[in-house]
């Protein structure tokens, strides 16, 4: 029996990776070396919970929203469809309507922005809030994107975040999808159980599903 390999679609956490302007950069260093302890290397890390590939908990944009540790982990495991929307810089409900979601409850959008974790983009493809109602009607519970945010970095109102929230659609950002073919997959993108947190880095992986 041939086993299908999982495809990693997460950004590696590196010292030189880009971070959201004004946010805490990622850093990993050794607190103690094996030579110092006599037994083991011991590392520490610092940085924003929104570094690299990550999920947004509702508390990120709603004071009364759930924090990461309160989220249902089943939201981040299951059937997904990867859609190629790289032909446009503005993604609306009309952009998504021609696609067959094949009943997938998790939608991952491969946009026109090339994957480059070491550079924070000056401009990102625009998502229109109208996508939320459309995806909600299709039974979608999770939207993943290969851009740093579903809203422009300079946005204060975060209209797409809130539109998705009203439809109970959760958010997964900064995926790496340039090497992934459109189609059906099984997704695992589990956040860390960080008590009280507004977001969490994830290790996101896909496994192709025979159509």
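Determine the pairs where a residue that is surrounded by fewer than 18 Cβ atoms within 10 Å (Cβ to Cβ), located within the range 6-20, has a partner that is part of a loop (DSSP other than H, G, I, E, B) and at pLDDT below 95 with Cβ atoms under 9 Å apart, the partner being 6 or more residues away or on another chain.
20/153
Within the range 43-67, track down each residue that is farther than 29 Å from residue 121 by Cα and out of contact with any helix residue (DSSP H, G or I) (no Cβ under 9 Å at 6 or more places or on another chain).
The answer is 43, and nothing else.
Kindly establish whether residue 172 is crowded, with 22+ Cβ neighbours inside 10 Å and under 21 Å from residue 48 (Cα atoms).
The answer is yes for residue 172.
Residue 210 - would you say it is more than 17 Å from residue 93 (Cα to Cα), without any contact (Cβ under 8 Å) to a residue 40 or more places away in the chain and loosely packed, with under 15 Cβ neighbours inside 10 Å? If you could, list the steps in order and put the result at the bottom.
Details: more than 17 Å from residue 93 (Cα to Cα): yes; without any contact (Cβ under 8 Å) to a residue 40 or more places away in the chain: yes; loosely packed, with under 15 Cβ neighbours inside 10 Å: yes.
Taking the combined requirement at face value, the residue satisfies it.
So which of 126, 173, 122, 186 is without any contact (Cβ under 8 Å) to a residue 12 or more places away in the chain and out of contact with any helix residue (DSSP H, G or I) (no Cβ under 7 Å at 6 or more places or on another chain)?
122
If you go through the range 7-30 one residue at a time, do you hit one that is on the phi > 0 side of the Ramachandran plot and at pLDDT 95 or above?
no
The values are calculated or read from the model by the stated rules, or taken from the named source; none is laboratory data. Since this is a predicted model, take the numbers as computed values, not measurements. We place every Cβ from the backbone using ideal geometry, glycine too, and count neighbours over all the protein chains shown.
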